[in-house]
Structure formats: C-alpha cells, structure tokens
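Structure record follows, encoded as structure tokens.
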Amino acid sequence: MKIQEIALGTIRIPLVTPFRTALRTVDSINDLIVKITADDGSVGFGEAPPTAVITGDTKESIEAAIRGYLAPAVVGMELLDLDEIMRRMEKAIAKNTSAKAAVDIALYDLYAKMLGKPLYRVLVEDAVENLKDTCISANKEGELETDITISVDETEKMVSDSLRAVADGFGILKVKVGKGGEKDVERVRAIRQAVGPDVTLRVDANQGWTKEEAIATIRAMEDAGLGIELVEQPVSYHDFHGLQSVTKAVDTPILADESVFSYEDAQRIIEEHAADLINIKLMKTGGIHQALRICDLADRYQVKCMVGCMLESKVSVSAGVHLAAARNCITMADLDGPSLCAEDPYEGGPVYRGPKILLNEASGIGITRVPVEFACVARA
C-alpha cells in the first residue's frame, strides 16, 4: 500500500468555557486536519493545533511545513516502511513538531487500518519482545480515565467549575495555577475544601512560577495538607536547574511537561532527576513514533508517565488514547480535549462518557468521518 495523496483542511470547534492558563486564553479549537489517502482508497487522519506559546507552531507554519517539506518527502512511499517514512520526515525539516505529529498520526491511523486492527493493538504487537505484555490495566478493561482541566480564574469561579466537574463524574481535577504564589495556594485550598478529600487534585503551573516561588508555594500547599497528587511544570521550560531544585526541595512529585519535547530531553530529565514524572504530548514529540521511544526509556528507568494534549479535538486525542492504552509506563491520562469542546463533529473514535474513555475494536484510531473541506498538497 502506497501513500497516494496528502491533503489539508481546518476545523473550528467552540469550547464550553474559555480555556485559561498562565500562558494564554482560548475560546475555541482552530486546528489543521491532515488526510492521507492510500492507493487503495483507504484514508488516515491526523491533527495539529497551533500552540505558538508552547511549541512555537502557528497555523501558517504548520501548513507551510506540511505543504513544503513533509508531504513531498513521503508521498509515494510504501506504507509498510514506516520507519523509513519517519526518518525522511525528520530529515526533511527540523523541529515543527506539531506538523510532524499531524502527519505521523495520519500515517499510524492508515497503517493500523491496513492491518485491520485498532492502533493500540498494533502498538503493543510492534513493541520489542520484553514490552509486549505492558498494556496498562485500563486497556484490559477497555477504558481509560482522564482528568479534566479547571482553568485559572478568580477563586470563586474555579470552585464553581470544580464542583460542576465533580457533579459530572470527574474524580481527577487538573487545576491551572501560576498567576501568583499566595493566590494559587488560596485557589487550591478553596477547591479542596469544596470538593472534599476523595477527589484527586493535580496542579499545573504552566511555567508560571520562579524557582523560589515554586518551592514556597508547593511547600505551603504541603503544610496546609491539601493532598496534591503532583505539580506540573512549575518553572520555565528552559530552567532545567530550577526544575531540578524544585524537585529536590519538595515532597510532592513534579511532572515535567514543556521541558520534555524529545527523547534527549526525557533522558536528561530522568537521568539527572530534574523531575519525578514525564508528560508525553504528541504535539511536542512530533507524533507517535518518537513518543514510543520516550516510553521505552521510561520503561527502562521505571518512570511513570502521563499522556496529555494541547487544545486538541478528537482526532489527535484519539491517537493519544491509543498510545496510553498500549504502554505500561503511562499511568495517567490528561486527554480531556474533547470534553472541553461544545460539540463533537466527528464520527467514530473512542467514546467519551464523562471521565471515562471507552476503547473499541475499530481499526486505526477509529475516526470514520471528518467534516472538513480538504485541499490536496501532494500527490504521487
């Protein structure tokens, strides 16, 4: 089976409520969708969100990278030679991880469809021999559990949003902070008092604190007995030594997110213990192919990982779901993108029921219809 055509389209989906972090405020998803068609007519879908403040990728740069470099590099290639396809993409253009992720996801979707299997099963079967039985227990039950994001806002609004999420069945809240150390402690304390002791709270600063502020704020949360499961990316992505200092200074596990784009980033974080946990996002790694390398590394060091997402819709999030279901090191899912959307325009894919994500046996990532007008960018 050969890659016959690569096409691009865009999709806009409004959010239920504005998404606010220490870095940005967004009220809708505006993503590029990739469709790759094989010479037998089969199609695979991928997606890329423009997240300039994190990945450096804009809508224009993603489209230019795919149109001018990635698509010409792989169109006409034999799909079975997936490793060589990925090598050519890496060689075609540096960085541009979101563009690579969109093409990578579409290729893996098409590859699994060619094999007639759901992607998570293909990822397990393609793993090296000693990793073949590393599916997480959630996969064996046919479902995953995701947290849901509570955007940073005034304390009263964050408490209200948290109570609504709990009423909707969510037992894990990812609380966005990073806009003032003492204020952040107040926000989290109020949420804990409102939701009670049985709801899991994850705190995400999105690089919003200095090293000193992070240590003081996290220790204050510990002293207050707020029971925080983890703190994500407390300092700037490039402040490696700051991240390392925070990890050593506090008892709460630290999750590295924006500091980990590549295998090399993950290796340094793990070997030098700059964080306790790793957040793998396909838009940072450039797709599934490189994410699997990080999983292999995490397995070797017995480091637990989260699979997260940017503001993405069901296409790319479905790929993250299949990755999470296939690897033992992934014990946490932050895949709430579709839950934040006001509508689901797609057909197929994993089913979202509150915090539960239900896998099925549809081939590929499971998406069967994408209501987007596509334009061809490369043809064999």
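The values are calculated or read from the model by the stated rules, or taken from the named source; none is laboratory data. Computed from a prediction, not measured in an experiment: that's the story for all the values here. Quick reminder, even Gly has a Cβ in these numbers, built from the backbone with ideal geometry, and neighbours come from all protein chains shown. Accessible surface areas use protein heavy atoms only, side chains included; no ligands, DNA or RNA. Shrake-Rupley method; radii C 1.70, N 1.55, O 1.52, S 1.80 Å.
Structure notes:
- Matching residues, the range 152-183, being under 15 Å from D198 (Cα atoms), in a strand (DSSP E or B) and either hydrophobic (A, V, I, L, M, F, W, C) or open to solvent by 50 Å² or more (accessible area, probe 1.4 Å) (or both): I172, L173
- Subset tally (residues that are in a strand (DSSP E or B), within 23 Å of Y69 (Cβ to Cβ) and of a type outside the set (K, R)) for the range 1-54: 23
- All positions within the range 196-222 that are of a type in the set (D, E), open to solvent by 30 Å² or more (accessible area, probe 1.4 Å) and not in a helix (DSSP H, G or I): D198
- Taking the range 55-69 as the range and being part of a helix (DSSP H, G or I) and either touching a residue at least 60 places away in the same chain (Cβ under 8 Å) or among the acidic types (D, E) (or both) as the test, the residues that pass are E60, E63, I66, R67.
- Selection of first residues in the range 214-243 that are at positive phi and of second residues that are surrounded by fewer than 19 Cβ atoms within 10 Å (Cβ to Cβ), restricted to Cβ pairs under 8 Å at least 6 apart or on distinct chains, gives the following pairs, ordered by first then second residue: G227/P197.
- Among the residues making up the range 122-173, those that are modelled with pLDDT under 95 and basic (K, R) are K132, K140.
- The listed residue being open to solvent by 20 Å² or more (accessible area, probe 1.4 Å) and under 12 Å from V303 (Cα atoms), out of Q244, Q267, Q290: Q267
- Residue identified as among the β-branched types (V, I, T), in contact with a Lys or Arg (Cβ under 8 Å, 6 or more places away or on another chain) and closer than 22 Å to S262 by Cβ among T51, T10, T21, T55: T55
- Residue list for the range 293-328, filter: open to solvent by 20 Å² or more (accessible area, probe 1.4 Å), out of contact with any helix residue (DSSP H, G or I) (no Cβ under 8 Å at 6 or more places or on another chain) and on the phi < 0 side of the Ramachandran plot: R300
- Positions within the range 11-49 being open to solvent by 20 Å² or more (accessible area, probe 1.4 Å), in contact (Cβ under 8 Å) with a residue 12 or more places away in the chain and within 20 Å of P72 (Cα to Cα), in sequence order: K35, T37, D39, D40, S42, V43
- A73 hydrophobic (A, V, I, L, M, F, W, C), open to solvent by less than 40 Å² (accessible area, probe 1.4 Å), within 20 Å of L282 (Cα to Cα) and not in a strand (DSSP E or B): no
- Condition check for T97: open to solvent by 30 Å² or more (accessible area, probe 1.4 Å), β-branched (V, I, T) and at pLDDT 95 or above: no
- For the range 317-336, a residue qualifies if it is under 18 Å from D299 (Cα atoms) and among the β-branched types (V, I, T), and the qualifying residues are I330, T331.
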